[in-house]
Every structure is written in C-alpha cells, then in structure tokens.
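Readers should treat all values here as calculations from the given coordinates under stated rules, not as data from a laboratory. From a predicted model like this one, the values you see are computed outputs, not experimental measurements. Methodologically, a virtual Cβ is constructed for each residue, glycine included, from the backbone with ideal geometry; neighbour enumeration extends over all protein chains shown.
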Amino acid sequence: MINKKDIQNQIIQAVEIVRRENPIVGSITNTVTINFVANAQLAVGGSAAMVYLPDEGEFLAKASEATYINFGTFIPLYEQTLPRVSKALHEARKPWVLDPVAVGIGSLRTQLLLELKKYKPTVIRGNASEILALAGLWELEGGTALSTVRGVDSTDSVTSAKNAAVALAKCTGGAVAVSGKTDLITDGSVIAFSHGGSHFMGKITGAGCSLGGVVAVYATAASPFIAALTASAVYNLAGTRAEKKVDGPGSFQIQFLDELYKANAGDIANNPFEIEEV
Amino acid sequence: MINKKDIQNQIIQAVEIVRRENPIVGSITNTVTINFVANAQLAVGGSAAMVYLPDEGEFLAKASEATYINFGTFIPLYEQTLPRVSKALHEARKPWVLDPVAVGIGSLRTQLLLELKKYKPTVIRGNASEILALAGLWELEGGTALSTVRGVDSTDSVTSAKNAAVALAKCTGGAVAVSGKTDLITDGSVIAFSHGGSHFMGKITGAGCSLGGVVAVYATAASPFIAALTASAVYNLAGTRAEKKVDGPGSFQIQFLDELYKANAGDIANNPFEIEEV
Amino acid sequence: MINKKDIQNQIIQAVEIVRRENPIVGSITNTVTINFVANAQLAVGGSAAMVYLPDEGEFLAKASEATYINFGTFIPLYEQTLPRVSKALHEARKPWVLDPVAVGIGSLRTQLLLELKKYKPTVIRGNASEILALAGLWELEGGTALSTVRGVDSTDSVTSAKNAAVALAKCTGGAVAVSGKTDLITDGSVIAFSHGGSHFMGKITGAGCSLGGVVAVYATAASPFIAALTASAVYNLAGTRAEKKVDGPGSFQIQFLDELYKANAGDIANNPFEIEEV
C-alpha cells in the first residue's frame, strides 16, 4: 500500500540531504536556459557544472552524484557526447535525468533519443507532447507519432500522456514526470499529481528545463520517483508563492528563484498532491 | 498618402493577433543574449524556439510563422545552417529578421552576410554602424566601408544611416529598423521615427538582439514595416516606463520584461512617432 | 614601500577612466554565465563583445583594450581559438585575464592550459582550488595535483593558495586574484586581502566568471595588480550592499548588478583591504 505520509517524509529527507550535502550535479543542456538551470540547482542546494565535450562529460558522470541531459539547442558534438556520457552514467549506476526537448525535430536528435533508450534514464521529464512523442519513438504503449510536437511547447494535456508516462517508467525502471498545469509523476506503479505553480511559468523560458535540472539534484538523495515529486512540489510551491508578489514575467523569474531558495522541507512536503495506483 | 491613424490601427491589430495566437518564432541567435531574446518574445505573446543545426533550422523555418537570425557569437556550423535556413525561409515566403551583429568582424561572418543578400530578409535590424556597414558590404547607396564598426556597439548616429536604411529596404523589398536614441524604421518609401526608451538600454546586453527577436514575433501578424515599428514602439514604451521604476541596469532588465508583458495595444500604438515620405 | 593611500588613488583612477572611456573588452567565455559577464562589464562602464571563432578572436584581441578568456563549457573549436588569440594578445602586449575554470577536467582543457603558459596572462583569476591546480599543472611552487578540483567550486581556502598565487604571478609577471570569503590579490611582491561580499555569491552562478570579466575591464586602465584589486573591491562592496536589500539569490543577482553600476570610485577605494609584502 502506498502511504502519503511516507512519501512526505521521503520528500523532507531529500530536501534536507541536498541542503546539507550540496551535491555536485553535472549538466549537458541548451544555451537558452543554461543559466537559469544552474541558478535553480544552486537555489535548492546543489552545485552545478556544465560541459559539452565527451571526455569532460564522462569525467562529470563519475565525479557528479547525478547528471542532467537536456536535448535543446543541439550541436553536432552531441553525437559523441550524449551516448558516451549516458553509457558512463548507466554503467556507473549514477542517476540521470533525460529532458527530450523538441523530440521530433531534426534527424540527430531523433537518432540519439533512440540510442539513449538502452541507457535507461533514471527520470524522464517533459511536457505532455514530448512524453507522448518519446513513448511513440520508443514504440511503447500510449505513445504518438512525432508530428504533434509544436516547437518546444506542449499542445497536449498532461492526462493524455498518462499511459505513455507509465509505459516509459516501466521501460526504464525509473520515473517519469509530465509537466503541465497539474504535474504527473509516476514510477510505473504509482502516480502522483502535484498541484500549484503559476501561469507565469509559461511566460518565461526555462521553467521546464530548470525543473529537470532540479530533479537531478534531488536524484542524488532520493529514489527517482521521490526526486521527481520533490522537484515538482518545490516548483509548484515556489511558483504559487512568487506569483502573489509580482505582476510580470521578469519579476516572476527572480522571485521564483528566491522562493526556491527559501522553501523549507515541511512546506515542500505539504504542497498539495494526491496519489493513485496504476 | 500615408496616414498615421491607419498605421496605429495596424499596430493595434499586430499586438492583438500576437497575444491571441501565440505564434511560434524560431531563432538562430548568439549565446550572450539568447535567454533575454526568448523571454522578450514570450513577454509580448510569442512562443520561442532556438536551434543551431541546419536541418532543425529548416524544420523550424517551415513550422514557425517567422524566424530571427542574429549574427552574434558565430560558430563554424553557421556556414551550413544560415544559408540553408535563409533559403528555406525565402522559398517558403516566410518572414524573417536579419540582425547583422558585428558585421565586419571575421571572414565567415562577412562571407555569409554577402551570401544572404539573395534571400532578401524581410526585416533588417541593427544599430547605425551595422546598417551603414551592411549597406556598404552589399554595395548599396549610403553604405560605408566596414572599418567603422566598433565591436558590437554603434559609433554612428541613426540619422547618418538613413540613406543606407532606405537603400537596404529597397534592395530587399522589406523593412529596415535602425536602433538608437530615436529609432528609424523604413520600408523604402516611408520613414517612421519612434521615440522613447531609456539610457539603461545601453547598459544591459541584449536590448538590440531582443528587439530583433520581437520584430520577428510581430512579423507573423503584420507587414515588415508595421512589425518593425510595433516592436520599436513597445520597446520604447517599456523602456520609458521601466526607467521610472528602477535605479540600476539589473532592475531595469527585469522591469523592462514586465513592462513588455503589461503594455496594451492602444498604449503601444500611441507611443510617440512621426512619419515622412522618402 | 607600498603605500595604501597610493593604491587607493590608483583604484579611483581606474574606476573613473573606465566610466569615462567605456573601453571595449573582448571575451571568450562559457555559455552558462556569458550574459552575466557581459552585464557586469557594462555595469562598471565597459563595452562587451563575445566571440568563438579564431579570426574573430584575433580581430577582437587587437580591437579591444583587454580580453577575458574563461575555460568553462569547452568546445572543440577552442583548440584553435585559444592559442591563436592568446598569442595575438601576447604579441600585441594587450592585457588579458585567464580564468582556468575546472582545470583538471578533460584532456583539451589541460593541454590548452599548458600551452597558454607561454603567453603570460596579465591576470589569472580563480578560486583557491583552481589556482592551486594551475600552479601544479605549470609545475610551480605551491601548486597541487589536479585531483583536488571538485567540479567548478572550490574545496580549498584562499590562504592555502597563497604560495601558488605568488608563484603564478612571478611566472607571468602579472597579477593573480584568488576569490573566496576574503579575496587575495598579488603581483608576486605585494599581497592584498580584500574583504566584503556576500554568502549569496556562492548561491548564484557567475560571481567568479563575471569578476574575471570585470578585472579585464579595469585592466584597460590600470596595472594588473590594481585592476584585479579594483574589481575585487567593487565586487565585495556591491555584494555587501546587495545582501542587505534582498532575501534570496534571484533578487541578489539583480541588486548586485545595480550596486556595481551605482558604486562610486571613492567607496570602491575605501572598501576594506590590507596589504603585506611577500
């Protein structure tokens, strides 16, 4: 039986371990939001390091306690870097988060997303369209053809990606987080729905990417499912709080980082969520 | 006869269509200000997507309603990406904005600026030095030798670039926007001068780049001339408003994004400008 | 005899020259903090230009009055760009700042840090772990093996890097700045300790990189030692002031840029520091 109180205790533990240990988390991520990803990781208590080169990624895969791999702003170098780093992570049994940004755009992106399936990302985070398309690409139940992806923004609802998310989690043995108005997090047997956030999160760039980066931070201190749920909870909490204090997206981004930093473990665990069995 | 009221109505229409339709705008742009470009595009109502790879750029050229190409922080990959994407845009008759940052620095930048002439950018946006140098490079009337460009900042006045701007607009059949204390926008037959802004816009990086990105957003919903004028107007309005609320460039950047987001169509159309025939 | 009052007068002069002359400073720097570097350089009065290509870097080496080279987020292109630009700077006797971020990670980074030794960076800026590791790599007194570097953050105290910093300064004939709770700046014969700053500087990304970029700005108007001390002083002053006005790292970053912009020359010169002979 899943127990909400147990989950909350694990969230508290994840938050407190990260704040105490300041874990190093490596990232390979896009140039649009790389600064925001790093600042969000620092705000929740992590230490951020970003690289592009294959051997540097392999070094970080070992030196870091978790790694974040984001498919935005692809460069040719990724053909070498991403498989080598994913392989190193998989072999070292280090947690890593895959953010399949803009899956369906471009041949190299598609090829590498196919190739990375075998390295079993610990957590997959994306919006509903990306989760549906990735499940489709990996030929899993609930997936769709790639054609529905519209740039980097979602055109599908979170609940429409439920089956795809469960199938992806079962495939990797890890967790999947679908971001949207209500976030869906699953490990393939339990599904959590996390509430909160702000309409401003769609009016700034990087809310999703930085959430992926923060999932990686918590993956150093918790199971994939708890890491994804903790990150979603602190994002929803900080988003709700930040929105009350601002009237535009510029101020929201700043206030949001402040609220990530200030959120305490108990409040994060108490951010509204419900759970159900698959 | 040009009619100021007609222009204002077209500005209102452009602002409202963008807010309602949330058009996707692709960008290939420099790493310095890429985040600010995306956030500015989102603040005015667009949806932003950034890429570097040739086939991804071609995909976005078709999937987006307009594209922004900025020549900052060149990488070797651009030798393939920029001609292929510009060609795709030209053939699909999609609007695109060229921002010839630092024209005159480096051989690849120069070669590609020459090559892109035939794909007729819908809008060219730059500071006076860049517009003068680009007109010179393209061997148009009013242009100058490249030697006057000083890094990325302008050393020439906007009015000194008037003939070059008109010549560039006539060459492309689109519009040209020259950014400065007063902005000059022309389609080759009409010239508009847009007033406002803030001295802080020269104290932050990305005021010019993000203006180019926002021109592309409005180019999804208006003629090249109206798109460039609308973007200049909302920038001048937001700059004026933001400056009154802050006392430093950090706060200015944040407040400026907030004001971009909050500006309504009527106020943007009423931001001071005058028009003259060429 | 070193005289504190003389040093303060030179700091005042450096700050005022930069504000008056708006010197162009080129940078080759990482994608994580490139925006923050540029905004910090603008806030203190410089003009920023960033490039990646070898010939563009050589152009900027000549066109700029100083250059900042940061070893973060390495790309293969740097194998050509960094030696060519460093050589051009050395031959033109232009001041340049080396920021050996993450020294010890990756083979290319290590190879290039070895190669750049002969081009004698005017100022080397890093945290204690980086300064220790660079001195070790260059086989200087006080250096350590590379193995102590932990990602991009320091695990060593500033005072533990004192001998390494002095040895590096003697090797280059320039200055070295070690960033930490108290900053240590030396030209090999004098050591200054600069106080202030904020705990939030470790909670945002780019405090160190942007300090390096600002050292380069002051290096256009002062000796290497005074440039490094002036930059450290304005950073410590702005950090102290910003911390009093904010309660989170997002707001800190913004307020910090405002305080960099507002700090006057006298206050920067009076920011607490002491000096000792080596």
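Observations on the model:
- Under 14 Å from B:LYS87, Cα to Cα: aspartates and glutamates that are on another chain or at least 8 residues apart: B:ASP55, B:GLU56, B:GLU58, B:GLU79, B:GLU115
- 17 Å Cα-Cα reach of B:LYS5 towards aspartates and glutamates, excluding residues that sit fewer than 8 places from it in its own chain: B:GLU16, B:ASP267, B:GLU274, B:GLU276, B:GLU277
- Nm distances between copies for B:GLU79, ranked from closest, using label points 7 Å along Cα→Cβ: 1.5, 1.6
- Starting from the label point of C:GLU139 at 7 Å along Cα→Cβ, the same points in the other copies fall at 5.7, 5.7 nm, in ascending order.
- The residue in chain A that lies nearest, by its beta carbon, to the axis linking chain A with chain C is given here with the distance in whole angstrom as A:THR31, 3.
- For C:ASP247, inter-copy label distances in nm, listed shortest first [label point 7 Å out on the Cα-Cβ vector]: 2.2, 2.2
- Orientation-averaged projection of region A:4-271 equals 11.8 nm² [convex hull of Cα atoms, one quarter of hull surface area].
- Fewest-first sequence of B:LEU114, A:LEU98 by Cβ atoms within 10 Å of each Cβ: B:LEU114, A:LEU98
- Region A:198-232 residues near the modelled A:GLU21 label - backbone nitrogen below 15 Å, point 7 Å along Cα→Cβ: A:215-228
- Residues of type lysines that C:LYS4 reaches as a straight line, Cα spacing below 29 Å, ignoring anything fewer than 8 places off in the same chain: C:LYS94, C:LYS120, C:LYS162, C:LYS170, C:LYS181, C:LYS244, C:LYS262
- If both residues of a DSSP beta bridge must be in the protein assembly as shown, then about 40% of such bridges are antiparallel.
- Each part reduced to its alpha carbon centroid, region C:1-60 and region C:202-243 end up 9 Å apart.
- Taking every C-alpha pair closer than 8 Å and separated by at least 6 residues, the mean separation divided by the residue count of chain B gives a relative contact order of 21 percent.
- Under 5 Å from the amide H of A:VAL190 lie the amide H atoms of A:VAL278, each residue being 5 or more positions distant or on a separate chain, with H modelled from the backbone and absent for Pro and chain starts.
- When each of C:SER107, A:SER64 is scored by the number of other beta-carbon atoms lying within 10 Å, the sequence from fewest to most is C:SER107, A:SER64.
- Fraction of beta bridges assigned by DSSP in region C:4-277 that are antiparallel (%, nearest 5): 40 percent
- Region B:106-211 - percent relative contact order, Cα under 8 Å, separation 6 or more: 23 percent
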